[in-house]
Amino acid sequence: MIREFGRVLAALACIAGLPVHLCLCVLIKTCDPGPALYRCWRLGKDRVPFGLLKYRTMKVNAPPLITAGLRMIVTQADPRVTRLGRWLRWGLDELPQMWNIVRGEMAWVGPRPDEAWMLPHYGRLIELRLSLIPGITGFAQVLHSRSLSTAESFAIDLWYLSHRSFWLDSWVVLVTPLFMMGNRAIGHARLRQLRNSPEFELLRQRCDAELSSGAFTAPSSAHAAAIAGAPKIESGGLGRDSPLRSHP
């Protein structure tokens, strides 16, 4: 019921925001010739791939930069980012994902969707993150996961998986606008509380162990482009034998 309400709300937001969307599309194409929207394949619930939509913030055919921490690098003065894109990357570039919510591929709150090339580097615990519908915003995002290690940000998602509730999602939705405006204090305070939890510390250690257990090979630009254009991910699900308790 809550999910269907979220889809209806996203549909209304798409209709109401249509004039803004058209203006942004014109500005993006004027600032840098090329498509206004960027479509990339991401892993959805149970590893089912879907086309995630964003406003384009980088120059056309900009190559991806990936670290051994399974992170896409975008520096503050990244030459791949357009002038308008620097402004959009405050969070406005994610707005087209309202359509992904309408289609049932995303939710308002959930872990951020991963790219297909990351899946082979996951262990059994980390892969449980894919049992949730990805979100436009999430618990890890408002705790500023970009400033944390990959293992710790994954642990936050797994903690959310076990403790998610209507009230926690409401807290994330309320904090998200403050986070976008640069307020990090609320998220940092919640992160300090989380780090004092033995349950969370165990999750972090297990994520770190899983990420350290396999060799990392960053995909080449050609490989990344192939992934972006032709998803071929099995969608058999995660199975019932789960090492982490999950609330319905």
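The values are calculated or read from the model by the stated rules, or taken from the named source; none is laboratory data. Not measured: the values here are computed from a predicted model. Because the Cβ atoms are built from the backbone with ideal geometry, glycine has one as well, and the counts that use them run over all protein chains shown.
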message = Six or more apart or on different chains, Cβ atoms under 6 Å: show the pairs whose first residue is in the stretch 161-175 and under 14 Å from Val142 (Cβ atoms) and whose second is among the aliphatic types (A, V, I, L, M) and surrounded by 14 or more Cβ atoms within 10 Å (Cβ to Cβ).
response = Asp169/Val109; Val172/Val109; Val172/Val142; Val175/Val142; Val175/Ile186
key: Cross-chain or 6+ apart pairs with Cβ under 7 Å, the stretch 66-92 first and part of a loop (DSSP other than H, G, I, E, B), then hydroxyl-bearing (Ser, Thr, Tyr) and modelled with pLDDT under 80   = Ile73/Thr67
ask   = In the set Ser145, Ser162, Ser153, which member is polar (S, T, N, Q) and under 18 Å from Trp90 (Cβ atoms)?
value = Ser145
remark   = Flagged in the stretch 113-141 as under 26 Å from Phe166 (Cβ atoms) and modelled with pLDDT under 90, in numbering order, are Asp114
note = Per the filter on the stretch 1-48, residues outside any loop (DSSP other than H, G, I, E, B) and on the phi > 0 side of the Ramachandran plot are Asp46, Arg47
inquiry  = Show me the helices (runs of 4 or more DSSP H) entirely contained within the stretch 98-211 in which 3 or more residues are over 13 Å from the mean Cα position of the chain (by Cα).
reply    = 150-163, 166-180, 185-195
note = Of (1) more than 26 Å from Gly104 (Cα to Cα); (2) surrounded by 14 or more Cβ atoms within 10 Å (Cβ to Cβ); (3) out of contact with any Gly (no Cβ under 7 Å at 6 or more places or on another chain), Arg195 satisfies every one except (2)
Subset of the stretch 88-113 [surrounded by fewer than 21 Cβ atoms within 10 Å (Cβ to Cβ) and farther than 20 Å from Lys59 by Cβ] = Gly91, Leu95, Trp99, Val102, Arg103, Gly104, Arg112
